[in-house]
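I have placed the structure first, in the form of structure tokens, so that the comments after it can refer back to it.
The values are calculated or read from the model by the stated rules, or taken from the named source; none is laboratory data. Here the structure is a predicted model, which means the values were calculated and not measured. Cβ sites come from the backbone with ideal geometry, for glycine too, and all protein chains shown count toward neighbours.
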Amino acid sequence: MKRTLSFLMALALMLCVAGEIRQASANVLNMYVATYDYYGLKLRPEPSTNRNEYCKIPHGTLLTIYEFSLDGLWCRTQYGGYEGWVMYKYLTENKPRALTPQDPGPSKPTAAPKKATPAPTAAPAADTDRTTFKDMNAEFEAMMKNAQPENMTVMCVRRGTKCYLRWAPSTSAKAMRNDVIYGDTFTVLAVGNKWYQVYDQVTGRTGYFLISLTALANTTDYMPGN
């Protein structure tokens, strides 16, 4: 009788374990990398952009997703013998199109420039800085006059090339970030003639992004002055 009870208890335990394994397997999700460039997706040891990556996962790679971060922005996966985290926004359930020769890749390093012959520096034009500030003031005035956008999100559309998030609406202004890539999104706070004032969720700071480098990332239609 005792042997029979022991056998039944062992069988029940095996069934419970098997059930847990099946449940865990059912939670596994397969998704493709969709970066649409030759840079690939960074696999990091922790769900944070502050940590250096283990490696880069090529576009179109099928990954097994084991876990999501609490904020839903990162996924835990394995690749190339490493286990780490990737950004969820660069994954898709449907197989992405293959890269074509028209898709730009990393730019090749240029040859070192020839040593320039020393020459006297020309005196700067008297209105150089004034013109820069004038252009910046025009952008700020446009942002005050234009209607304030609501729930407007834009994304970087320059493929294979990094874009700049600047501290002021001018290409002369120092970049706050120079690692913005295709698909990165920003919340628009104000609209000027050539620049957006945006909120960067990565750094938690406000900056400026050229309108010509972006496209709407949601269905909200907005035109300056409306």
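For this structure, a couple of remarks:
- Within segment 161-186, considering residues that are touching a helix residue (DSSP H, G or I) at 6+ places or on another chain (Cβ under 9 Å) and polar (S, T, N, Q), the one nearest to Q201 (Cα to Cα): T185
- Subset tally (residues that are of a type in the set (A, V, I, L, M), under 14 Å from the mean Cα position of the chain (by Cα) and outside any strand (DSSP E or B)) for segment 35-92: 1
- Identity of the residue in segment 41-92, under 20 Å from V202 (Cα atoms), of a type in the set (G, A, S) and at pLDDT 90 or above, that ends up surrounded by the most Cβ atoms within 10 Å (Cβ to Cβ): G84
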